[in-house]
Structure formats: structure tokens, C-alpha cells
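The block underneath contains the structure these notes are about, expressed in C-alpha cells.
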Amino acid sequence: MGDLATRRRRVGPFDISRVRTAFDGYLTKERALSKASKVSYWFITRRFLTELRRSRRGFDPAVLRPSHITAYLMRHAAEVSTRTLQTMASGLRSFLRFLFRQGWAAADLSTSVLTARSWRHAALPRYLAPDDVERLVQSCDLSTPIGRRDHAILLLLARLGLRATEVVALGMDDVDWRAGEILIRGKGLVFDRLPLPRDVGAALAKHLQHGRRGATRRVFVRTAGEAVPFVDGQAINDVLKRALARTGVRMPAKWVGSHVFRHSLATTMIRRGASLREIGDVLRHRSVDTTTIYAKLDVEALRSIAKPWPLGVGGRR
């Protein structure tokens, strides 16, 4: 512990603001993470620290044990999807490695973070019924600026199946009103042009013309305080949470956020006879393998290849 005491005197006290600045620098230099990933990792870290403070009446990295980390992940395992749990684990590993390298922790506890196992296409996509999607979209108060903004956001999610980060990144110059197209800045710096549905275009126009403020070229900005662009997809999830609270619509088991609209659009399409290729084109999947998960929701097609239930013992069914 003497060595740890020396290191801690060198780095100074564990102050949350200093830690955030140093952690951000670590993620930039050591991990070369994007701004969005750094924001996500800090969100994970901040919640971890907050829960530890509440349960232990304060937080000192020197007394952190593997059991504390395991207990934290186990508490949240039943609440989130496997992918979200994997992201939480990845964020915690980076933070714990950072604590050790900086000198705030006596040991590198990153290896004690459990790995959430995941099998590709093992689960069914979580989706909402078409009527529930419409209830959410139509629940916004169009007489207020925030209502018009949220209405436009929900329509982009429901009609085009956009990802939350794609909605956040939407710029004023990305909408071609004359051609009736919208430019989507997708994953992997891939850009796509999609037809702009009439109701989505009308909602965007109302949002931009009535109530939106600020000099930024981003389409969607915060309405409270300074008119600054959304930082990450969490703001889009907050829009969905407010709509759920207004309507009483219940989300599928485990929180999947605004991505539920993407799954719902694909599910509706396949049940109306669309091919996997057509769904992949709408969702802008780069590989048909990504789209095959929705084949499990084509109940009629699956029924046609299902084998009869075998006879039980003694010939009974």
C-alpha cells in the first residue's frame, strides 16, 4: 500500500471532475475512441460511481473489489439487453484499467469484469404493434415547439427506421426539399439517400419553421437552456420515454430504446409480404445476414416448414 500511497499523492485526490477530464484523455490517446463512444463510456462510468457512492457512503478506488463489480453487473443484467450489458462491461474495463494506470487503484481490476455471452440471432427482435407505434407518433402536442420537434423525431424513427445516432446527426443541408430526399449519415461513415415520406417532410418543416431556435445547422436541438445540438442517442431515447409515459404503451421485455422502431418497421414489412432484401434495403443493411433475424418473425413461412410434433410414449400425443 505504500507504493499506492505514493502514486495517489502524485495524482492527487479522486475528484470526479478531474477524473472525467483525465478519463476522456485516456480514451482518446489509448483507445482512439470517437466522441460518441467516449460519451457512452462516461455515462456508464458515472452510473457505476453513483451506485457505489450510494451503497458504500462514498467511493474510494483503493478499496474497490471484484465482488463490487460483479454485483453491479448482475443487478443490471436482468434489465438490459445482452448487447447493452456488453457495452457496460467494455466501459467498465476501460475505466478500471484507467484507474490503475493513473495510480488511483492498487490493482488492475479490468480482468475481473464478467463477459456477457451472446449468440448471433439467438433472440427474437423486440418490436411494437403497428397501432402502438402510431399511438406514440401521434401523442405529441403539436401546439408546442418541443411537441413538434418530438413528433418529427418519432416519425423519422417509425417511417424510415433510422438509428438514434442518425437522427442526432441530421443536418439542415441533408434534406433536399425539391427532390423529396433525405441524406442519412449511417454507420461506418456510409451515406445513403432515402425518399422523404410526405408526413415526415411535413413534420420536419413545421419543426424548422415554428419554434426551432439556435444558429447550429443540426436539425434537432435542446429546447431547455441554450439551443445546442443533441450530444448522443440518449436524447432520442428520452423522446421515446416521454411518449411511452403519455400513451401508456408498454415496451417489450428489456429496454431496447428507440431501436424498437427499427425492429417494428421490419416486422410489419415482413408480415405484409416484403422480402428480406427489401427490408435490408430500407434499413440499409450492408449484409443480408444482418437481415435474416427477421425471418424468424415470418410465422406463416415458418409454419410451412415445421415438422409434426412426434408421438409420445405409447403412441400418445
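The values are calculated or read from the model by the stated rules, or taken from the named source; none is laboratory data. Keep in mind that what you see is a predicted model, and the values were worked out from it rather than measured. In this analysis, Cβ positions are derived from the backbone assuming ideal geometry, glycine residues included, and neighbour counts consider all displayed protein chains.
Here are the numbers for the structure shown:
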item	result
Some residue of the stretch 91-101 being more than 29 Å from Thr165 (Cβ to Cβ), among the hydrophobic types (A, V, I, L, M, F, W, C), more than 24 Å from the chain's Cα centre (by Cα) and at pLDDT below 85	no
Residue list for the stretch 148-182, filter: in contact with a His (Cβ under 8 Å, 6 or more places away or on another chain), closer than 18 Å to Val231 by Cβ and in a helix (DSSP H, G or I)	Arg149, Ala164
Candidate set from the stretch 107-119 (those that are in a loop (DSSP other than H, G, I, E, B) and at pLDDT 80 or above); member that is nearest to the chain's Cα centre (by Cα)	Val113
Evaluation of Phe100 against (1) surrounded by fewer than 15 Cβ atoms within 10 Å (Cβ to Cβ); (2) free of Cβ contacts under 8 Å to residues at least 12 places away in the same chain; (3) under 21 Å from Thr21 (Cα atoms) (one fails), failing number	(1)
Ala164 touching a residue at least 12 places away in the same chain (Cβ under 8 Å) and among the small types (Gly, Ala, Ser)	yes
Total residues in the stretch 245-259, condition in a helix (DSSP H, G or I) and modelled with pLDDT under 85	0
Residue in the stretch 178-190 that is out of contact with any Pro (no Cβ under 9 Å at 6 or more places or on another chain), closer than 18 Å to Arg148 by Cβ, exposed (fewer than 14 other Cβ atoms within 10 Å of the Cβ) and assigned by TED's automatic domain parsing to the domain that holds Asp150 present	no
Restricting the stretch 120-134 to residues that are modelled with pLDDT of 90 or more and of a type outside the set (Asp, Glu), the residue that is farthest from Thr267 (Cα to Cα)	Val133
Hits in the stretch 213-263 - residues which are in contact with a strand residue (DSSP E or B) (Cβ under 7 Å, 6 or more places away or on another chain) and among the polar types (S, T, N, Q)	Thr216
Any chance Arg262 is modelled with pLDDT of 85 or more, surrounded by 14 or more Cβ atoms within 10 Å (Cβ to Cβ) and part of a loop (DSSP other than H, G, I, E, B)	no
Number of the condition not met by Ser143 [criteria: (1) closer than 28 Å to Val39 by Cα; (2) among the polar types (S, T, N, Q); (3) free of Cβ contacts under 8 Å to residues at least 24 places away in the same chain]	(1)
Set Asp132, Asp199, Asp173: member being in contact with a helix residue (DSSP H, G or I) (Cβ under 7 Å, 6 or more places away or on another chain) and either outside the structural domain of Leu244 (by TED's automatic domain parsing) or acidic (Asp, Glu) (or both)	Asp199
Residues located in the stretch 191-207, provided they are crowded, with 16+ Cβ neighbours inside 10 Å, hydrophobic (A, V, I, L, M, F, W, C) and in a helix (DSSP H, G or I)	Val200, Ala203, Leu204
Count - residues of the stretch 245-256 that are surrounded by 16 or more Cβ atoms within 10 Å (Cβ to Cβ) and closer than 13 Å to Leu154 by Cβ	1
Set Thr267, Thr223: member being in a helix (DSSP H, G or I), assigned by TED's automatic domain parsing to the domain that holds Trp177 and not aliphatic (A, V, I, L, M)	Thr267
Candidate set from the stretch 23-69 (those that are part of a helix (DSSP H, G or I) and of a type in the set (S, T, N, Q)); member that is modelled with the lowest pLDDT	Ser55
Some residue of the stretch 129-137 being within 20 Å of Val228 (Cα to Cα) and buried (at least 16 other Cβ atoms within 10 Å of the Cβ)	no
